[in-house]
Amino acid sequence: MKNIIAKLQSRGADSLTNEELLAVIISDNTADESAKTTASELLANADGSLQRLVDVDTMRLRMVSGLGLRRALRLKASAE
């Protein structure tokens, strides 16, 4: 996560992959390495599409291992 945060800080959000963007949104802290794995799983469930992911119901999102309600709500709010 620290590398992703450093990349975001130095090069901006446009330089991040969709997986990295999701990891930043759902991570609770810079030591949260599980966020990248969860982000990868989320994208896989949405056929790699951020738009499809945002359209998924919050209750279905929270069923993804490692996400939970708070992170699912954070993800949905970030798309607004």
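Key figures for this structure:
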{"read-out": "Residue that is least open to solvent (accessible area, probe 1.4 Å), among those in segment 9-19 that are over 11 Å from Ala39 (Cα atoms) and in a helix (DSSP H, G or I)", "value": "Ser15"}
{"read-out": "Residue in segment 61-75 that is nearest to Ile5 (Cα to Cα), counting only those that are of a type in the set (Lys, Arg) and open to solvent by 50 Å² or more (accessible area, probe 1.4 Å)", "value": "Arg74"}
{"read-out": "Matching residues in segment 13-60 - criterion: being over 13 Å from Asn3 (Cα atoms) and among the basic types (Lys, Arg)", "value": "Arg52, Arg60"}
{"read-out": "Within segment 20-60, tally of residues that are charged (D, E, K, R), open to solvent by 50 Å² or more (accessible area, probe 1.4 Å) and in a helix (DSSP H, G or I)", "value": "5"}
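The values are calculated or read from the model by the stated rules, or taken from the named source; none is laboratory data. Quick caveat, the model's predicted, so the values are computed rather than measured. Protein only, heavy atoms only, side chains kept; ligands, DNA and RNA dropped before computing areas. Shrake-Rupley method; radii C 1.70, N 1.55, O 1.52, S 1.80 Å.
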